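Peer 1: For reference, the structure I am asking about is given below.
Only the coordinates and a few stated rules stand behind these numbers; no lab work does. Treat the numbers as computed from the prediction; the structure is a model and nothing was measured. Cβ coordinates were reconstructed from backbone atoms using ideal geometry, including for glycine residues, and neighbour counts include every protein chain displayed.
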Amino acid sequence: MEEIDFRGLNIAIMGGSYPCKELLQLLLSDSLKELDCKILAVADSFSRVKGMKYAKAHKLFTTHVYADLFEIENLDLILKISQDHKVAAIIEKARPLKAKLVNIDRFQAMALISRLKVEQEKIKIQKDIKQGRINQDSLEKVFEQFSDRMAQIAEERISHFLNEREDLINIENELHQMIHGSMIPTFIINKDHIITHWNRACEELTGIKSYELVGTDKQWSAFRSSKRPTMADVIVGELPEEEVCRYYGDKWKKSNLIKEAYEAEEFFPHLGENGKWIFFTAAPIKSEEGKIIGAVETLRDSTQEKKDQEEIKAQDKKLAHLYDQYRILFNNNPNPIFIVDSLTLEILDVNNSVEDDYGYSREEMIGKPFFDVMNALSIDASFSPEMVMLFKEKSKAAQPHRRMPWKEITFRTKTGNHIPVRYSTSFHHKKNKLVGCAFFFHDLTEIKQLEKELVQSERQAAIGQTISGLAHYIKNILIGLKGGSYVVDIGLKRKNIKKIEDGWQTIKNNIDRTSNLVQNLLTFSKERTPEYKSCCPNEVVKDVVNLLEGHAKKQKIKILQNLDKRIGEIRMDPVTIHRSLLNLISNSIDACLEVKDPDRSLQIFLKTFIENENLLCIEVQDNGNGMKKKDKTNLFKPFYSTKGEKGTGLGLLVTGKLIKEHNGTIQVSSTLGEGTTFTIRLPFEQCGLLQGQKYERKNIL
């Protein structure tokens, strides 16, 4: 530090912390008045530091804005004790040209204080000599006092230096612990390129311990097979960019964040099992005067990051390929597809089939409201604002990847042609949030034509099958009629009343068969709406039994009944019960007649009960010959009969139709050689029963 002569100077002190207060005490003391210096101002960003407090107490100008000092007139010296480098930059740019700037650190400030104290003692002795207070006898004592004072000042300075040294050692230890304990691999070199710090994270990354490198200039050995400057060396040596390029080409680049700093990323195959990618950054360490006195270099293992980047590139490549495939599939799909924005419901994209089928270009449709386009195309449906709002609500509430049911509509093309189409909507959700929807359209022109041809073909086949079945059955009836009339003729010729009665009975039986055939044909040929009325199902069952019981007795078949007496009047269609039971009991009688076992007691069981409080259940159970599995499968198909030439295949077909029209069901269970059970379930409305009355089902067998 240069010698400062304070005599006659106007001084401003920048930095109010220690040792500003001690300097002020000396410069403002009476003992140094002969220096004729003036303290004009003290500046510091903190008002509570000791120097600022002392200055305010002695009525000196104080400020928190350093630039305020530059407005003071006749300022000769700015004594800067502050360690803030930003302050130094401000002063260099804005200080008055006349004012001299002296930068001192804490050590230099203590040296300055010591000189001022010595000067204080000198002035005091000189004043005593001039005033004659010192004579020959007291000179030795004054000299001893001066020597003691100098020794005291020296001891104070040494003590201060020792304290400062201890503080510096503590700071160095703390800095060492901070660097060594950092999770970021870091090493530091000094101005002589010697490693001063090599932290634990750096040891973990490189596999080299700090004691092997600290104190040496072998920082290159962790990364290179031969000596070459590291980034820190480049910064400390202040190598020109041309030389850096000679070593590393374009692998290194200057940092965009820190001036004079470098950064780079390289792969080192010898690090770890499979090599590592390392990202380097290095920055200079500067003295207060701005000179480079060292450099700090940090490292980061970027291997996983590189792998992630490569994986992302591979994924991007795969996604690009999938997108290309999607575009190919999307545009080449024969069915028209509209992609619609889930929020605005505007058309985002259409495939080639939309243009081909409807005659409108992609440009005419993209960006237009989807439902407006549909309204313009559709000739048999429209989408009102209320319907659009309902669609929006349903789309938001839809489950992820849910597709709406297919619906049919007819479109008008740009050329005026009409196209029947079937369309559906698919909602796309991501993390339970609706992100889009797609509308799919399927041209039904060919399908509709095929349907017409198929209906026509099935109709012709059904007519042929019906005619064939009827012709065969009518032929059997005619044979029966001819046989009966032949027997009647013989009886008339022979005047045999018994023959006449037998022949007439045969004729009557075949007339009944004709009547049943016509009735079944009429029932099957047209839709019938059940006529609900108040009735007693048990009475209907009894009526059917009365009709067939005589015929059953002649065949030695018993009809047993277990009718739930709690069933009173209910509302339903009695005709359905009557015709269904008539067919089922007749079939049971025929099934019993096929039994070859003469010892079996042939029986038919009828049972009625209520199920779930709203279903009338009727069971028809026989112990006849039963059915094969194939017969059960085809039982309700048109013109299928297990009776051979004796049956038309219309009985059960009509029964199933009647029950279905009544919204009921019929179930069949059968075991070959043991018997068959039919169970009818028909819904009804309460009428004669007590409200809330429940029924319990009991087994009949």
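Peer 1: Starting from the 7 Å offset along Cα-to-Cβ, what nm value, one decimal, do you get for the label separation of GLU453 and LYS191?
Peer 2: Rounded to a tenth, the inter-label distance reads 10.0 nm.
Peer 1: May I ask which of LYS414/LYS448; LYS38/LYS259; LYS306/LYS431; LYS191/LYS253 have a Cα-Cα span longer than 32 Å here?
Peer 2: As for pairs spanning more than 32 Å Cα to Cα, those are LYS38/LYS259.
Peer 1: Tell me, how many Å apart are the Cα centres for segment 32-73 and for segment 283-343?
Peer 2: Spelled out, the Cα-based centre of one part sits 57 Å from the other.
Peer 1: May I pose another question? Counting other C-beta atoms within 10 Å, which of LEU547, LEU682 has the fewest, and how do the rest follow?
Peer 2: Ascending number of Cβ neighbours within 10 Å: LEU547, LEU682.
Peer 1: If each of ILE292 and LYS495 carries a label point 7 Å out from its Cα toward its Cβ, how far apart are those two points in nm?
Peer 2: Here the answer is 15.3 nm between the modelled labels.
Peer 1: Could I ask something else about it? Once you list every other residue whose beta carbon is under 15 Å from the beta carbon of ILE500, what net charge do they have if Lys and Arg are +1 and Asp and Glu are -1?
Peer 2: The answer is +3.
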